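As structure tokens, the structure follows; a few thoughts come after it.
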Amino acid sequence: MYYAVIIATIVTMALALTRALLGPSVYDRVLAVNMFGTKTVLLLAVASFLGGREDFIDLALVYALINFIGVLAVLEFFRKRVERNEAEESEVEA
Amino acid sequence: MTAAIDIASWILLTTGGLAVLVGGIGALRMPDLYTRMHAASVTDSLGAILVLVGLMLQGGLTLVTAKLAAILLFLVLTSPTSSNALASAALLAGTRPMGDRHGPDSGDTP
Amino acid sequence: MTELFGIFLLTLLVITAVAVVRAQNLFVAVMLMGIASLLIAVNFFLLDAADVALTEAAVGAGISTVLFLSALALTVDREKAPKTKVGLAIAVTVVAGLVIFYATLGEPRFGDPNSPVQTHVGPWYLEKTPELVDIPNVVTAVLGSYRGYDTLGEVFVVFTAGIGVLFLLGHGRVRRSLEEETRQNEGLRHYLIPRVIGQLLIPFIILFGLYVQFHGEYGPGGGFQAGAIIAAGMILYALLEGEKHALTVIPQKVLLGMMAGGALLYTTVGIAGMLMGGNFLDYSVLNDNPVIGQQTGIILIEAGVGITVTGTLLAIFHAFAARGD
Amino acid sequence: MDILGLFNYWVFAILLMIGFYAVLAKKNLVKKLIGLALFQSAVFLLYITVGKVEGGTAPIFSATAEGDLFSNPLPQVLILTAIVVGISVTALGLGIVVRIKEEYGSIEEDEILEMDQQ
């Protein structure tokens, strides 16, 4: 039964990867990466039960905690870019 | 009793897997960013909750279950926040939801 | 069955790698590298390398993306269309690829228990660890004790790379007035929801980092992973509250001290072994009971590794982030 | 299964070559570093693959895995440290790229070479 969940998860990973490759906008790709991260958490959790080494659930926990940082870094990147563009525009006007 | 818990856990795991798959298909097939985000959130919330609760039933009253509960808590907290951050970034950058009749490209000013 | 999952995921990895190289938009390439890192970590896990997967998770998910994005923010985020011909590069790549392909035909089959790798020192480590070091995680035992010299070298490489980045990008530059600094450098303070949730997560990330640090003898973990996780937690704080606040919490001076201090702690443990009559990095002499001596030594050097890695990764991040404004 | 017994090595070869191609053919310096990171990952995968034993489990003793077959811990130790070293060295490379951008105003290799010749 674990196999069913694992197969569903890796097929979804493939679908998310397709979305990341197709785009079209950068936000779609960020969404796909985010989704891929959650699927990784699930896959690692189920795989550690499948292998009989439940104590390795730590890995899934790391991803659950740290995936968030990537999204915030993206947000900060967009914010900086918007700010820089605004600064350049105001320089042109002045 | 253990058989009942096993059956419940299998049901949860299977439906969770199904929810994950459905969300994945949705994220691929939906027409624009915001609808895709909606589909992806099915895998992040419903799918993750079902699968992790199913695993918790398998784990029994151990440290593993506590860690699974922590994973569930963090996922439930972070994935909607990520969606929110992403959607607000996209909206600020000028991506309009489909069918938004007051967008800059739609032509009819409110 | 697990092998089939591995094969499927590796195929996805190859597709991702091709897409990374083809992407003209560097931001997209970095995002796809994030996916590649996740796939690699899952593969490590399926190949029984829990410790390595934990390291890849801690480094690949947070720090690597953050560093690449800060570098892109300082340079450009689009690659220019290639003007030169790539024929020669393709030819060289294909020839080299064919040579490697030919070489793989002579390699032992996947998972072969009689391959040269498995019949050398590996079984000895597995057999002797319960007797000599007596900790459950053999990877930590090998890392800290049997191959302590290697690890010392790696710690100094990390330290040197950190110093190099600080030399290149400077630290402690003359700052503008405090007001301007706060205005320019506010991070994501105006994004209320991410800020609240992020602040909620930071203590848990750091707590978990400490757990990984001190649980490394019993489960997957150790100084390298813990350092990366704690650094990721502090980077999250810097992203949310802005550079200035993060540097108030841990100033650059402290970070420099951590970089050097961890490496020094490691070396000191080695020299303490010499002073007490053993060899350099021989922990058996640290206690009357050699097994407890080994365990003490491993805990101390893992702490040194963790401190250096945290300090270096944070100092590198601040060097990039402070350059931006 | 015999053909598939070498699949991991082939994936490693392909990844290695993709990274190598990026370093050779791409003119953008950040792209070169990304190629280098891919190259690195390929080597990591090779090491972990050769350490795997069929039917083995991770080399961490526990109550549930007593007396099992364990995979080789040595390659894992080497790669564990190499990952952290890898990110530090990549950061150093990115630092150099940032400085180049500040001095030359470009991170395309051919443009920089042209400016140097003038």
- Message: Criterion first (within 14 Å of chain D (Cβ to nearest Cβ) and more than 30 Å from residue C:191 (Cβ to Cβ)) does residue C:274 satisfy it?
- Response: no
- Task: Would you check which residues across the stretch C:1-22 are under 17 Å from residue D:18 (Cα atoms), aliphatic (A, V, I, L, M) and without any contact (Cβ under 8 Å) to a residue 12 or more places away in the chain and list them?
- Result: C:14, C:15, C:18, C:21
- Query: Being open to solvent by 50 Å² or more (accessible area, probe 1.4 Å), outside any helix (DSSP H, G or I) and among the aliphatic types (A, V, I, L, M), is that true of even one residue in the stretch B:43-51?
  - Reply: no
- Item | Given (1) over 20 Å from residue B:70 (Cβ atoms); (2) within 7 Å of another protein chain (Cβ to nearest Cβ); (3) aliphatic (A, V, I, L, M), index of the condition residue A:92 fails | (2)
- Message: Name the single residue that is most open to solvent (accessible area, probe 1.4 Å) among those in the stretch C:73-113 being within 7 Å of chain D (Cβ to nearest Cβ), closer than 30 Å to residue D:74 by Cβ and not in a loop (DSSP other than H, G, I, E, B).
- Response: C:101
- Query: When the residues of the stretch B:1-20 are filtered to those that are open to solvent by 50 Å² or more (accessible area, probe 1.4 Å) and of a type in the set (A, V, I, L, M), which remaining residue is farthest from residue A:16 (Cα to Cα)?
  - Reply: B:1
- Output the residues belonging to the stretch C:297-309 that are under 20 Å from residue C:166 (Cβ atoms) and open to solvent by 10 Å² or more (accessible area, probe 1.4 Å). C:307
- Item | Residues of the stretch A:35-68 satisfying the condition of being farther than 17 Å from residue B:73 by Cβ, at pLDDT below 90 and at the interface with chain B (Cβ under 9 Å from one of its Cβ atoms) | A:48, A:49, A:54, A:55
- Item | Qualifying residues in the stretch B:23-56 (those that are facing another protein chain (nearest Cβ under 9 Å) and of a type in the set (Val, Ile, Thr)) - the one nearest to residue A:46 (Cα to Cα) | B:51
- Item | Enumeration of residues in the stretch A:16-32 that are at pLDDT 90 or above and either open to solvent by 30 Å² or more (accessible area, probe 1.4 Å) or more than 15 Å from the chain's Cα centre (by Cα) (or both) | A:18, A:21, A:29
- Residues of the stretch C:114-161 being assigned to a helix (DSSP H, G or I), open to solvent by 30 Å² or more (accessible area, probe 1.4 Å) and over 24 Å from residue C:292 (Cβ atoms), in sequence order, are C:116, C:117, C:119, C:123, C:153, C:154, C:156, C:157, C:159, C:160
- Message: Whether any residue in the stretch C:26-38 is polar (S, T, N, Q) and within 7 Å of another protein chain (Cβ to nearest Cβ) is what I want to check.
- Response: no
- Qualifying residues in the stretch D:45-89 (those that are more than 7 Å from every other protein chain (Cβ to nearest Cβ) and touching an Asp or Glu at 6+ places or on another chain (Cβ under 9 Å)) - the one nearest to residue C:309 (Cα to Cα): D:82
- Within the stretch C:224-243, which residues are of a type outside the set (A, V, I, L, M) and closer than 16 Å to residue C:50 by Cβ? C:224, C:225
- Query: All but one of (1) open to solvent by 10 Å² or more (accessible area, probe 1.4 Å); (2) at pLDDT below 90 hold for residue D:59; which doesn't?
  - Reply: (1)
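Restricting to the stretch A:1-15, and then to whatever is within 23 Å of residue B:84 (Cα to Cα) and at the interface with chain B (Cβ under 7 Å from one of its Cβ atoms), can you tell me which residue is most open to solvent (accessible area, probe 1.4 Å)?
A:15
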- Query: Only one of (1) open to solvent by 10 Å² or more (accessible area, probe 1.4 Å); (2) within 14 Å of residue C:317 (Cα to Cα) is not met by residue C:227, so which one is it?
  - Reply: (1)
- Among the residues of the stretch C:3-11, is there at least one that is closer than 19 Å to residue A:39 by Cβ, at pLDDT below 90, outside any loop (DSSP other than H, G, I, E, B) and more than 7 Å from every other protein chain (Cβ to nearest Cβ)? yes
- Quick one: in the stretch C:140-177, of everything that is modelled with pLDDT of 90 or more and small (Gly, Ala, Ser), which residue is farthest from the chain's Cα centre (by Cα)? C:164
- Query: Does any residue of the stretch D:67-74 turn out to be within 24 Å of residue C:35 (Cβ to Cβ) and crowded, with 20+ Cβ neighbours inside 10 Å?
  - Reply: no
- Which of the following residues is open to solvent by 10 Å² or more (accessible area, probe 1.4 Å) and polar (S, T, N, Q): C:55, C:11? C:11
- Give me the pairs, please: first residue somewhere in the stretch D:14-34 and under 12 Å from residue C:96 (Cβ atoms), second residue anywhere and in a loop (DSSP other than H, G, I, E, B) and open to solvent by 20 Å² or more (accessible area, probe 1.4 Å), beta-carbon distance under 9 Å, and either six or more positions apart or on two chains. D:21/C:86; D:24/C:86
- Task: Go through the stretch A:22-67 and give me each residue that's farther than 17 Å from residue C:30 by Cβ and among the aromatic types (Phe, Trp, Tyr).
- Result: A:49, A:56, A:63
- Task: Keeping to the stretch A:44-67, report how many residues are touching a residue at least 12 places away in the same chain (Cβ under 8 Å), open to solvent by less than 10 Å² (accessible area, probe 1.4 Å) and of a type in the set (A, V, I, L, M).
- Result: 7
- Result of the Cβ filter at 8 Å on the stretch C:220-249, keeping first residues that are basic (Lys, Arg) and partners that are surrounded by fewer than 24 Cβ atoms within 10 Å (Cβ to Cβ), at least 6 apart or interchain, is C:244/C:181; C:244/C:182; C:244/C:185
- Item | Members of the stretch D:61-118 that are among the hydrophobic types (A, V, I, L, M, F, W, C), touching a strand residue (DSSP E or B) at 6+ places or on another chain (Cβ under 8 Å) and farther than 30 Å from residue C:133 by Cβ | D:107
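The values are calculated or read from the model by the stated rules, or taken from the named source; none is laboratory data. These figures come from a predicted structure and were not determined experimentally. Methodologically, a virtual Cβ is constructed for each residue, glycine included, from the backbone with ideal geometry; neighbour enumeration extends over all protein chains shown. These accessible areas exclude ligands, DNA and RNA; they are computed on the full protein's heavy atoms, side chains included. Shrake-Rupley method; radii C 1.70, N 1.55, O 1.52, S 1.80 Å.
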